[in-house]
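I have placed the structure first, in the form of structure tokens, so that the comments after it can refer back to it.
Bear in mind these aren't lab numbers, they're just calculated from the coordinates by the rules spelled out. Predicted model, so just to flag it, every value in this text is computed and none were measured. Note that we place each Cβ from the backbone using ideal geometry, even for glycine, and neighbour counts take in every protein chain shown.
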Amino acid sequence: MSMDQRPLPFGARGTWPRCAERPFREVQNGVKGFLDKFCLVDGKDWEAGFVLGLVHSLLFVPMLSFYEELDETTQVKRFTGSLGGLVELGHSDRVDNVLLEYIIAIELCRKEGTHVQSIFPILLSPRRDDGTFSEFLWSSLQLLPEKPSHL
């Protein structure tokens, strides 16, 4: 069985890491999905596009990944995935777009009168050589800074 044909855990469809694409394209029963990869336009203000998509959503489903990768050129381990960039935020002034998306979603979910009712994160971990997925390492989240920026 090829890697593209292997099933995802918990009945998810598609292939990792593109597992959100197929359900997004197969929208049925009046439910519309907002997948930033398809809905945000290059060169346009991503924040405005994201917020516009989110304020019209009932559910925010962030795909969270966090794992180590070995840079083949430098042989240095680094953290990657949607949460990987957050590890370094405590040491720099930069703002992480992933973190901004989560903050916006949480605030909209908390606010009375908005459409956003729930946040349902999907945790992704790397594939093993046999095509199965390793467990999400909750202990690695301890590496994230307490404050996302020193500002």
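Label positions at S139 and E107, each projected 7 Å from the Cα along the C-beta direction, are separated by 3.6 nm.
Sort 47-53, 74-80 by packing, meaning the average of other beta carbons within 10 Å per residue, with the highest value first.
47-53, 74-80
Between E146 and E69, the contour length at 0.36 nm per residue exceeds the alpha carbon distance by 25.4 nm.
The 3J(HN,Hα) values that the Karplus relation (6.51, -1.76, 1.60; θ = phi - 60°) gives for the range 39-46 are, in residue order, 9, 8, 9, 4, x, 9, 5, 5 Hz. Gly and Pro appear as x.
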